[in-house]
Each structure stands twice: as C-alpha cells, then as structure tokens.
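Notes to accompany the following structure.
The values are calculated or read from the model by the stated rules, or taken from the named source; none is laboratory data. Computed from a predicted structure; not experimentally measured. Backbone-built Cβ (ideal geometry, glycine too); neighbour counts: all protein chains shown. Ligands, DNA and RNA are stripped out before the accessible areas are found, and what is left, the full protein with its side chains, is counted by its heavy atoms. Shrake-Rupley method; radii C 1.70, N 1.55, O 1.52, S 1.80 Å.
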Amino acid sequence: MKLHLKIWRQRDAQSNGALVDYDLDGIDQHMSFLEMMDTLNGQLILNGDMPVEFDHDCREGICGSCGMMVNGQAHGPVAGLTVCQLHMREFKDGATIYVEPFRAAAFPLKRDLKIDRSAFDRIIQAGGFISASTGSAIEANNLPITHDMAESAFDSAACIGCGACVATCKNSSAALFTSAKVSHLVKLPQGKLEAEKRVIQMVGQMDVEGFGHCSNTEACEVKCPQGISVLNIAMMNWEFNKSSLLG
Amino acid sequence: MILNAKIPDGPLEDKWTTYKEKAKLVNPANRKKLNIIVVGTGLSGSSAAASLAELGYNIQSFCFQDSARRAHSVAAQGGVNAAKNYQNDGDSVYRMFYDTLKGGDFRSREANVYRLAECSLNLIDQAVAQGVPFAREYGGYLSNRSFGGVQVSRTFYARGQTGQQLLLGAYQALIRQVGIGKVKLHTRHEMLDLVLVDGKAKGIIVRNLDTGDIERFAADAVVIATGGFGKIYYLSTLAMGCNASAIWRAHKKGALMACPSWTQMHPTCLPQAGDYQSKLTLMSESLRNDGRIWVPKLKDEKRKANEIPEEERDYYLERRYPTFGNLAPRDISSRAAKERIDAGFGVGPLNNAVYLDFSKAIKEQGIDKIREKYKNLFSMYKKITDDDAYQAPMKISPAAHFSMGGLWVDYELMTTIPGLFAVGEANFADHGANRLGANSLLQASIDGYFILPYTLTNYLAGELKTEKITIKHRAFDIAEAEVNEQLQLLVNINGTKTADHFHKELGKLLYDKCGLSRTAKGLTEAIAGIELLSGKFYRELRVSGTEGEINAELEKAGRVADYLEMARLMCYDALTRNESCGAHFREEYQTPDGEALRNDKDFCFVSAWEWPGRGIEPILHPEPLVFEFIKLSVRSYS
C-alpha cells in the first residue's frame, strides 16, 4: 500500500505545531497502525530526522498507553478498539491519513502525539479506591455478590484510561472516565461505605483539572475502545446529587 | 561465594509462620524515618509500595510509563490461582504446592513454593476487599476455572482481564497512598543504575524521560519490581517497553542472576504474519478449557479447517498426554506444537501455527455460554486477524512469554546485595523451570502484599542506626557519570541502523538457538553470534536526537544494549545445564519418545551467575536444591 500521511509535529507545549506531510510506500495491509508508524519512524531515523513520538506499550488494547486522532477520530475509524489494534486493511491504497494527538486543555502536549494524562491519575487519587489496607480483608466468600451485579461492576471497571472519551467530547469532559470508576465501586457492597465522599471528591477533581462538563452527546461511548456505557454517567450524576443532598 | 537461601527451620507448613513470628520489627515512630525506593508499578511494585506505605515508611515509586496503571501485569488474562477449595474438588495448600513444584520440574525451593500456596488464600480476600470484580456464580459466590497442569479448579478470574483488574486494585491502593503523601510517584522515569555504599543498596540513578535529566534518589533500601525480560526475543507477548535494564544494571553492580535461560514459551499466541511485526499477542490459556488443539494428519493440507473431516485431524495433545489432554502444561504444549510444525504439519499462510478449535464446545454448551466466557478474547482475535473464531478454529503458535529466571533472591526476597530486594517476575524464586498458568499474578501479588512487608522490615530494623546516605555521596557522582557516559556513547555512534534492527536480529538468533529447544552446538554458535552482533551494534547504531530531551529511540537503544549482554548470559546458562527440565529443553537430553530427560544427580541446583566484567566468561555459583519433604519424580502428564 501507498499512503500520504499528515502528522502533527510539535517540539513541546510551548512551540507551535503543524501538520507535516510524509509519503510512505510498501505498507502491508495486515500491519497494525502502530507498525505502520514504526516503519515511518525507521525511515525518518535513517534520514537523520527525528522520529514521531507517541505513547504505546502493550499493543494488545489493554494498557491504555496509545491513543491518537486518526482522520479526526480517536483511535481511528473502527469502533471498539485502540489504535494499536487498528489494522491497515481498514484504509484504501493511496489514502491520505491525518494523525493528530488527543487534544484537551487537561491533557497538555509533550511532543508530537505524546500527551500528559496525569489528570486521570489525580481523579482516581481523589477517591477512586476502596480504603482496604493490606491484611484487613475478610474471607472473600463471606461477601456474596450476585452474578449480574459482579458482571455489571466489571463492565464499568473495564476502562483502560486511554483518554479517547475526553479527546472525542466537544467539551473535553472526563465524565465517562470518572463515572466508570464511580459506578464500578458503588455497584459493589464493599465500595458503598465511601460512596458519598468518593463521588463528590472525584467530580470536584475533574473540575479542578479543567475538564469540561458533560452535555450528553454520548460521543464518548461511541469512541470508547472498551465500550464503557454512558449509563455510568447517569449513575454518577444520581450518586452525586444524592450525596450532595444527603451529605 | 556460598549462597544462603535463609530457609527457616522446621516443618514445611510452619516455616513462614515461624519466620513472621521471629522477624524483627520497626517501631511505627521509626518507620517514618526510613525511605524505600520501589522501581516498577506493576502488580508486585504497586502492591509492595502500597503495603509498605500503609506501614508508615516513605516510598519513592518509579515507572517508565505515563501512569502507574499501565504496567504489563495489565495484560494477564486468564486468572489467579488460590487454594481456596471453594469447588470441593480436593484442592488444598499442599496440593497447590505440589502442583507448582512439579509444574516447575522440581527446580524451585520447597519452602518458597509452599509459602506461595499458603498466602494465595489471603490474596483473594485482599483483592475482593479492594473491589476486584471476580466472576461469580448465580448464588453470589466466587467462580473458578481450571488451568493447565492441574486437575482441580482453583483459578479465580475476571472475564479475560484478570490482570487488569488485579493491577487496578493495586494501582488504586498505591494512588491512595500518593494522596495521603506516603508515596511519591515518579512516572516517565527509568532506572539506569543502582548506587551502592559500603556494599549496600542505597539509591538509584534515573533518567527523567520527559526532560532527559539524570536524577538521583537515595534510600535505606531498594526494591526492584520491573518484571520479566521475554521481550529480549523481540517478538514476544510482552509490552514494547518491557526490559531487563534495571535487573541487568543491578546484576552488573553485584547482584547474582539466576537461571536466565528459563523463558516460558506460551503455547497459545497469534503466529507471526510478517517481518514488520512488533509483537505476538497472547490468547489466554483459559481457552484450552474448551478449545481442542489439532493439526491435519496430512502434510501440505490445502483444505480449510472446517473442510477437514474429524478422522483426518491429529489432536496431538490428547493423543500424547491423555490424562491432561489440551490442558497439558505450557512447556509441554509449546514443545508439542513445535514438534508438529517442524515436522511439516503447521497450518496458516506461513505453516507456522496449529488450530485451536471450539466447535465441539459450542455444540455442547451453546454459543452464548462460550461468548460469556471468552467474548473479549474472540473479539481480540477478530480485531487482529479479521477471522471469526466462532465459525472456524483459531490459528495459534508458541511465543516468548514469561521469565522464570531473574535476580537471585533468598527466602526474604533479598538479592546478593544487602538492601536490594527483587519481587514479582524480576526475581527467579517460585516457578522453577516452568511456571503454571495463573501463578504469575499470584506470585507478583504475594511478594508485594504479604512477603516484603515482613522481610523488608526485618532488614530495615538493622539499618536504623547506620549513617544516613544522601545524594551528595560520592557513590552517586560515580554512578551518574557512568550513566551519562553510556548515553552519550549511544547517541554519538551515528551509524546506519536503528535499535529495532539489532533487537530483531538478536531475537531471531535467540528463538533459533536458545528458544524452545537448544543444543550445545547451537548455543556455542549463539554466543559467538551475539559477540558479533554486539560489535556491530556499537559501530552501526543510529539514534536520532540527543540525551537531553524526550527520546524514545535512546530509551530503546539502552535497553537493546543491555539485552545484548543479557542474551550472552542466557546462552551460557543454557549451555552449562546439561539436562532438560521445564522450559529448558536440550535436544541431547531426551527420552526415546521425545520427552525431557532431567538429571537430578548433577543438576538439582539453581544456577546463579556473577558478572565478571565485559568479555569475560560469567562465573557460576550453584545453589543446591534440597528436597526434605517431597520425593523427586518424573514429571509425567501422559
């Protein structure tokens, strides 16, 4: 395959960035998108240019490291996958492909496609956990949890923290990310004790970090590689209002 | 050097309890004065950092990723073992201990393995308390499944994402301590050297990957939790960033490396499709609960899998190992696949795979049940290969996966350097020559949550009165200068080939000569080949940019430089072990029907290696394995 790439290059957060054109030939349709980027980088290095910086690690869609806008869509045109799982067979020979970083005020750019998503860590830090220190746990089967509720908690817990929801949202809202953790924990009996404080603090942190508000366009769910449902956001709002009234 | 594993005296089942009762303690007021460095935030690193912080120590935690949640523990799919015996199927701590010891081909310590099985009970409790959403039965109780190498169901799981959920539990425990102020987290930092003062581990040198700055950190003890190094084979199931640099640099500072050639080749991975490929994705071993593995009986079979009638299929695992069938342990399954592929029965465009077939399970259990169990695995398979495994069998093949070897540690998980501990996959301790499925998440967690808090405390109790070392100490100057020198060396070569080029060459060589099967001749050739490749690397490498900026290529180059040295040691390790055991299969040592031939008389020891300096043959220090409680037997699964 031949490709015309237009890739966002930016030295650091202070510098101006721009789309730079690259032509690439000999791409195999079974390559993953990141293997295509590796091929480009290999050529750039040998030409004495700087390779395109991007985050990636597990390359099997679970670590949440990778993420870029491909033709304007987070993780590219196929629903339900991360960009490391996107394959070149999804593109036509001779296609022009735009590659840009996830953009949000709360995700400052580091270089090229590499961004700073530490705001997500700080949201979890604000209360996205159960305070169960090592050694204090009770026997696991003393706490039965219905099959369906365990499965539902898992559905929420499956978030990989990649940031596609934020990059897709026109308000750069982190509601889907935050609500997934709020819902995961509040669905489980062991997570209910801290539920009120948790939701208030996590939502508060979301605002501090500069993420926008959710205006229910549901675009985040469409581009979430794990298929995290917007019903989590409804649950977070319910929990938030309940906690605000009762607390 | 005489290695002392410091195994406590007494009956097997009392050893750990005895140790805990006698271990020294540190007064809570004094814990605040002690600093610990933990390198790595996977399951072992996060659980260690969180548990130690909960005790009151001050923790500095490091990872090279952009968040502590991304470490490759996240990718473990199938589950975590525990001897809860919830299924009433005859499981017990002793049985789990014996299964693990036998699975490892009797090349691990009895006391360590028993402790692993013993502590497994608490781990499930701990994880549930953290909110890990394990699979449940309709009655609300925890569900189990079966895994390779055992005949009971002791594996707890969260769909096909057990590692992710356990890691998030540990990450959340860690990040809670960050909020409290007991852990200072340094993401995008890579350890490049260990600092010793008077022979004790007292700090590390790291590179800030965002700025390129070289930074110093001092502490009273250092914990390495940087995982495995299967990525040394380039194509592996590991994440792109997985590396041996932290353990290798600790090794060069004096920590012995144990059994580095024991790499597990995982039998159920996606086969290689082309030269461009950057990794081989793992499909969970849990698939072997319901999938049947076969190849065509005819060589050069041209028909599609579904067109080949039942009687023309060779279910070779069921044929060779009728008791365990498709659930034979990983080393045996991988080798059996290689045997069929090498004999010319491989399937797929490159004839490098075998079939994993679900048609019988779908017929018996219904497609919905199979979907509930394996949905994410089937959809992952579809995403990568564009094939639908509900309709036709998957194509799988073995790939480099888990490092049973690693830094040598004693019963306290301390390396041969006082004050330097190694936990999780970074150490060698519990799996012997072959790890059983669903034991890696277990070992990583147990090391961090339940063992280190006792053993590190025992060490630190003796450190309270020693002089506090700061980063102004001369040892830091020397280590930092060495790190800078190596970075500049790599940047200045200015050759014509990328780090990936050398990594791929090294990987091919290792797969070929130090992979699923080895020979003395091949290993000797490999050692010479690695020397040659290493020479080329330092002449022809090209790294763009400088060391003073974000530079992923420089990170890669440093890791490949360490891999080249480590690969050489792996080959020496494999060459000197004149027996076949677990993942280490020497073609010279096999039974007439092709099974591994272990030699307990001469090789019932752990090979611990000392770094003698560049270009010199490594020095072997054997640690004899003493079996007091069980009798060594031939490891048969037939």
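Amide H neighbours of B:Q77 under 5 Å, counting only residues 5+ apart in sequence or on other chains, H built in-plane at 1.01 Å?
B:G163
Among rounded, prolate and oblate, which fits the range B:474-600 when a ≥ b ≥ c are the square roots of the eigenvalues of its C-alpha gyration tensor, a/c under 1.5 means rounded, and a/b larger than b/c means prolate? Provide the component values of the computation, followed by the final result.
Values: a/c = 3.27, a/b = 2.23, b/c = 1.47.
Cα axes put the range B:474-600 in the prolate bin.
With the Cα gyration tensor of the range B:588-638 giving a ≥ b ≥ c as the square roots of its eigenvalues, does the rule (a/c under 1.5 for rounded; else a/b larger than b/c for prolate; else oblate) give rounded, prolate or oblate? Display every interim value, and only then the final one.
Working: a/c = 3.99, a/b = 1.65, b/c = 2.41.
Since a/c reaches 1.5 but b/c is at least a/b, the shape of the range B:588-638 is classed as oblate.
Convert each backbone phi in the range B:238-247 into a coupling constant with the Karplus relation 6.51 cos²θ - 1.76 cosθ + 1.60 (shift: θ = phi - 60°), then list the ³J(HN,Hα) values in order as whole Hz, x for Gly and Pro.
Once rounded to whole Hz, the list reads 7, 6, 4, x, 4, 7, 9, 4, 5, 6.
Could you compute Rg(Cα) / (2.2 N^0.38 Å) for the range A:36-77, with N its residue count? Intermediate results must be reported in sequence, preceding the final value.
Numbers: Rg = 12.0 Å, N = 42, 2.2 N^0.38 = 9.1 Å.
Normalised Cα radius of gyration, the range A:36-77: 1.32.
Sticking with the crude label model, points 7 Å out along Cα→Cβ, report the distance from A:L46 to A:A18 in nm, one decimal please.
So the label points at A:L46 and A:A18 sit 2.7 nm apart.
Per the helix-only calculation at 222 nm, which mean residue ellipticity applies to chain B, given -39500 (n - 2.57) for every DSSP H run of n ≥ 4 and division by its residues, nearest 500 deg cm²/dmol? Could the numbers behind the result be given before it?
On the way: 18 runs with 225 residues, N = 638.
Rounded to the nearest 500, it is -11000 deg cm²/dmol.
Mind checking which aspartates and glutamates have their C-alpha under 18 Å from B:K299, skipping anything on the same chain fewer than 8 residues away?
B:E307, B:E310, B:E311, B:E312, B:D314, B:E339, B:D342
Determine by what factor the alpha-carbon radius of gyration of the protein assembly as shown differs from 2.2 N^0.38 Å, reporting the quotient.
Working: Rg = 25.7 Å, N = 885, 2.2 N^0.38 = 29.0 Å.
The value comes to 0.89.
Can you check how the C-alpha radius of gyration of the range B:476-520 compares to 2.2 N^0.38 Å, as a plain ratio?
Details: Rg = 16.2 Å, N = 45, 2.2 N^0.38 = 9.3 Å.
For the range B:476-520, the normalised Cα radius of gyration is 1.73.
Enter the accessible area per residue of the range B:267-399 (Å², integer; probe 1.4 Å; all protein chains in place). Intermediate values should be presented prior to the final figure.
Details: 5610 Å² over 133 residues.
Ligands and nucleic acids excluded, the result is 42 Å² per residue.
Given just the C-alpha atoms of chain A, how large is their convex hull per residue in cubic angstrom?
Normalising the Cα hull of chain A by residue number yields 146 Å³.
In the range B:485-511, which residues give up 30 Å² or more of accessible area once the other protein chains are added, compared with their chain alone (1.4 Å probe)?
Residues passing the criterion (a loss of at least 30 Å², heavy atoms only) are B:T498.
At R0 = 30 Å, how high is the FRET efficiency between B:K369 and B:K302 if r is their beta carbon distance? Nearest 0.05 is fine. Before the final figure, lay out the partial values.
Numbers: r = 33 Å, r/R0 = 1.11.
The value I calculate is 0.35.
How large is ³J(HN,Hα) for each residue in the range B:511-516, as worked out from phi by the Karplus curve 6.51 cos²θ - 1.76 cosθ + 1.60 (θ = phi - 60°), to whole Hz, x for Gly and Pro?
Ordered by residue, 3J(HN,Hα) equals 4, 6, 10, 9, x, 5 Hz.
With a 1.4 Å probe, how much accessible area is buried between chains A and B, both sides summed, in Å² to the nearest hundred? Walk me through the numbers on the way to the answer.
Working: alone 12780 and 24470 Å², together 30960 Å².
It comes to approximately 6300 Å² buried between A and B.
Convert each backbone phi in the range A:47-54 into a coupling constant with the Karplus relation 6.51 cos²θ - 1.76 cosθ + 1.60 (shift: θ = phi - 60°), then list the ³J(HN,Hα) values in order as whole Hz, x for Gly and Pro.
7, x, 9, 7, x, 6, 7, 8
For a quick check: with amide H placed at 1.01 Å from N, whose amide H comes under 5 Å from B:A353's, ignoring anything fewer than 5 positions away on the same chain?
B:V347
Between B:K601 and B:L489, what FRET efficiency follows from the Cβ-Cβ distance if R0 is 60 Å, with the result rounded to 0.05? Before the final figure, lay out the partial values.
Working: r = 46 Å, r/R0 = 0.77.
After rounding, the FRET efficiency stands at 0.85.
Express in % the proportion of alpha carbon pairs of the range A:3-100 at distances exceeding 21 Å. Please report the intermediate quantities before stating the final value.
Working: 1409 of 4753 pairs.
The share of Cα pairs beyond 21 Å in the range A:3-100 comes to 30 percent.
Applying 1/(1 + (r/R0)^6) with R0 = 60 Å to the Cβ-Cβ distance of A:K170 and B:A343, what FRET efficiency is obtained, to the nearest 0.05? Write down the numbers at each step before the final one.
Values: r = 58 Å, r/R0 = 0.97.
Step by step, r from the Cβ atoms, then E = 0.55.
When averaged across all projection directions, what area in nm² does the alpha-carbon convex hull of chain B cover? Don't skip to the answer; put the middle values down first.
Working: hull surface 108.9 nm².
So the Cα hull casts an average projection of 27.2 nm².
So, in nm, how far is label B:T576 from label B:D477 when the simple model puts each one 7 Å beyond its Cα toward the Cβ?
3.7
Hey, can you grab everything whose amide H is under 5 Å from the amide H of A:S65? Only 5+ residues off in sequence or another chain; H modelled, so Pro and N-termini drop out.
Here the answer is A:D57, A:C58, since their amide H atoms fall under 5 Å of that of A:S65.
Anything over 18 Å Cα to Cα? Flag those among B:K536/B:K556; A:K2/B:K279; B:K297/B:K513; A:K223/B:K383; B:K504/B:K536; B:K497/B:K536, in the order listed. Please list the in-between numbers first.
Values: B:K536/B:K556 16 Å; A:K2/B:K279 23 Å; B:K297/B:K513 28 Å; A:K223/B:K383 15 Å; B:K504/B:K536 14 Å; B:K497/B:K536 10 Å.
In this structure, A:K2/B:K279; B:K297/B:K513 exceed 18 Å between Cα atoms.
Would you mind classifying the range B:1-129 by shape? Square roots of the alpha carbon gyration tensor eigenvalues, ordered a ≥ b ≥ c; an a/c under 1.5 is rounded, otherwise it is prolate if a/b is larger than b/c and oblate if not. Mind showing how you got there, number by number?
Values: a/c = 1.74, a/b = 1.26, b/c = 1.38.
Note, shape of the range B:1-129 comes out oblate.
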